[in-house]
Amino acid sequence: MDYLDHSRRVVIVGAGLGGTATAIRLLQFAREPVEIVLLERQSEYRNAGVAYHRESNHWHHVFNIQAGRMSAFREDVDDFINWANHEADRSDWPPEWRGFTFTESGPAPRRIYPDYLADRLAQAAREALEGVELIEVDGEVVDLDVHSEHVHVSVRGEITAIRADHVILATGLERKYPVFAESVVDHPAFVRSPYSEAGIERVLGLPRDAVVAIVGTLLSAYDSAALLLRRGHTGKIHLISRSGLTLRTYPPDHRHRVLTLPPPDLGEVYEGREKFVRRFKVEWARACAIVAREYPDISPAVVTERVSKSWEPYLPAVIARIPSADLAALLDSYGSLLAVLRVGVMAYTAEIVEAAMDGQVTVTASKVEEIHSTKAGTLVVSTPARRIEADLVISNFGRESNYERVQSELWANLLRKGIACAHRRTGRGVEVDPRGTLVDSTGVPSGPISVVGSPREGDEIVRNGRTGAFTFNLAAIKNHTVEVAATVLCLLESCYDEVPATLPENPELEEAVSYSTMLDVRRMTARRRDYRQALITHLEDSLQTIRDITARNGHPTTDRALRSAISAAAAAKLKNLSVTPRDLRSILGLERRLESIG
């Protein structure tokens, strides 16, 4: 059965953070009637996903970054804080948070994020232009079939099929299967999913003197350890990972900042992994020394974060010189280290864990080889370094980056049919083109199918130099949503051309293009329908000025091709990675409105 008959329809697969944020952008950007179908296989995860689901996150689970970086809108950095302080319904919040004032650098509980996203989605739907509709549907998408003019979406749920003009895959993180725990996956003393209602209940129901082993030493492991300690746990807590790396604590006044540092000298010719790693370490030490010397106001705790961010523009060229096999091996060997260098942990979580380190909490740097049960009902974690017997084992084994191994019927079908292919250079995620369109096994776009979020991990690494945990974080997702929403609507709406106009260099033209681009940025970011409509009117007048200039100079352009060029330029400005979101808002002039518009 097909779901409704509509002239244009975009189906978003997954209603977690990526899917919800993409729907918001589509509702804001759309100028012509379109039906946006937001599909979610688990209704309780709508507007949340696993990361922010209410029942999967205790009130002690806070965001891994500052509350001021959690806005769904890169151009409106304070939006989440303003919502939490002035709009959120706190009636069922616990006392610790009910009277709390949220700040840019402070913590916030993850479980309130679904309410924020739901509010912003509802607002976007209310303020969308006439004929732009949002429909939320429960069901699991299990397959896609690409036809000449549409995509057939096979669904398991309240409907069985949807005809879509475009599909956006926002499927979120995929869980890695813990092979080392295969014999105890269903054991009552083994928690495979710490971010689940059952997992939280199991942790909270544990005797306070119980011995706990946590597989992992990074963000998720800190969450589990901090939750135990905050409820008064007195038993031993073991953190176990191959690297044994732990996280730096963000300083209390931490704010996002982008430095301009010299590019690393990693050689024009790749000479093998060993030499590359040696040069990388030397250049890294040099960059850290530059930051310490030239930016003395920067806390030592975040120097590596500043260097990591500053190197991102340089890394794609460096990565291009590394053979694929070596690149994949380097990422596997140093993935945890890259994450530790790039991200920290909030003091709210870290301080209680660090206070118990080397006493109640210990770190074991060794690979978990096997977990087996005992007759007494406990579990034994075996590593080359030691054996640990525990009353409860919490597995923070993490996500599955290799999409040829993910336990997803949809991705298995797409890979089997060649509609999708694993990322060739890194083995992480799937192949997409520069606009986020899914690429098939022959290396060409699969059709009207786009991707946002973690399936683009490999592409983020090689195209944007985003390594570590930041390959799939909120900042990357926000850029994906802008890019994909603008791309999809340029393909579907009659006012655009598939091929943007190429405009000649001309000082007079540059000024007119800059003004039109600024108007389109404002149109895309406008929350209110009346303001958006006024901006469209002014934008069309501005585009006419450009057409007059190009015609006078002998380079006439069509209305549709010109709109596409301006839309692409506006989206590029919204995705500008070279500045912080706060600086971006100022650069785009969004602190003020045009007097002629009001």
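The values are calculated or read from the model by the stated rules, or taken from the named source; none is laboratory data. Just so you know, these numbers come straight off a predicted model, no measurement behind them. Ideal geometry is used to build each Cβ from the backbone, glycine not excepted, and the neighbour counts take in all protein chains shown. With ligands, DNA and RNA removed, areas are computed over all heavy atoms of the protein, side chains included. Shrake-Rupley method; radii C 1.70, N 1.55, O 1.52, S 1.80 Å.
Taking the average, over residues, of other Cβ atoms within 10 Å as the packing measure, peptides 55-68, 289-302 rank 55-68, 289-302 from highest down. Using the Cβ of Ser299 as centre and a radius below 12 Å, the other residues enclosed give a net charge of +1, where K and R count +1 and D and E count -1. Averaging 1/r across all pairs of distinct Cα atoms in region 83-220 and inverting the result yields a Kirkwood radius of 20.2 Å. Taking the charge dipole of region 489-593 about its Cα centre, with +1 at Lys and Arg Cβ atoms and -1 at Asp and Glu Cβ atoms, the residue from Ile549, Asn506, Leu562 reaching farthest to the positive side is Leu562. Taken about its Cα centre, the chain carries a charge dipole of about 1620 debye when Lys and Arg each add +1 at the Cβ and Asp and Glu each add -1 at the Cβ. Using Cβ point charges alone (K and R +1, D and E -1), the dipole size of region 409-466 about the Cα centre works out to roughly 120 debye. Take 483-494, 95-106 and order them by the average number of nearby Cβ atoms within 10 Å per residue, most first; the result is 483-494, 95-106. Remark: relative contact order (region 1-126) = 29 percent; criterion is Cα-Cα distance under 8 angstrom and separation of 6 or more residues. Site pair Lys281 and Ser514 shows an inter-label distance of 4.8 nm when each label is modelled 7 Å from Cα along Cα→Cβ.
For the cross-link pairs Lys176/Lys575; Lys417/Lys478; Lys367/Lys417; Lys309/Lys478; Lys281/Lys367; Lys309/Lys573, the ones whose C-alpha atoms lie over 26 Å apart are Lys176/Lys575; Lys417/Lys478; Lys367/Lys417. How many angstrom lie between the Cα centre of region 43-95 and the Cα centre of region 310-350? Taking the Cα centre of each part, region 43-95 and region 310-350 sit 27 Å apart. Compute log10 of I(q)/I(0) for region 506-598 with the Debye formula, placing one identical point scatterer on every Cα and leaving out solvent, at q = 0.17 Å⁻¹, to two decimals. Computed log10 I(q)/I(0) values: -0.75.
With the largest listed first and rounded to whole Å, the semi-axes of the equivalent ellipsoid of the chain from the Cα gyration tensor are 41, 28, 25. For region 419-444 versus region 167-192, the spacing of their alpha-carbon centroids is 24 Å. The label-point distance for Tyr334 and Tyr295, in a model that sets each label 7 Å from Cα toward Cβ, rounds to 2.0 nm. Restricting to Cα pairs below 8 Å that are 6+ residues apart, what does the relative contact order work out to for region 87-172? Please round to a whole percent. For region 87-172, the relative contact order is 14 percent.
Here the chain has 50 percent of its accessible surface on carbon and sulfur atoms, given a 1.4 Å probe and all protein chains in place. The slack in the chain from Asp78 to Ser148, taken as 0.36 nm per residue of separation less the alpha-carbon distance, amounts to 20.9 nm.
Within region 1-133, the proportion of Cα pairs with more than 21 Å between them is 44 percent.
Bridge orientation summary for the chain: considering DSSP beta bridges with both residues in this region, about 40 percent are antiparallel. 3J(HN,Hα) couplings calculated from phi for region 445-457 with the Karplus curve 6.51 cos²θ - 1.76 cosθ + 1.60 (θ = phi - 60°) are, in sequence order, x, 6, x, x, 9, 10, 9, 10, x, 4, x, 9, 4 Hz; Gly and Pro show x. Each 10 Å bin from zero up to the one holding the largest Cα-Cα distance in region 127-178 carries the following percent of pairs: 19, 41, 31, 7, 1.
Using the rule -39500 (n - 2.57) for each DSSP H run of four or more residues, divided by the residues of the chain, the 222 nm mean residue ellipticity is -12000 deg cm²/dmol. In a reduced charge model with +1 at each Lys and Arg Cβ and -1 at each Asp and Glu Cβ, region 26-162 shows a dipole moment near 600 debye about its Cα centre.
Computed over neighbours whose Cβ is under 11 Å from that of Arg560, the net charge equals -3, Lys and Arg +1, Asp and Glu -1.
Projecting the Cα atoms of Leu39, Pro188, Ile135 onto the charge dipole of the chain (Cβ charges, centred on the Cα centre) puts Pro188 farthest toward the positive pole. Taking every alpha-carbon pair under 8 Å whose residues sit at least 6 apart, region 52-124 reaches a relative contact order of 48 percent.
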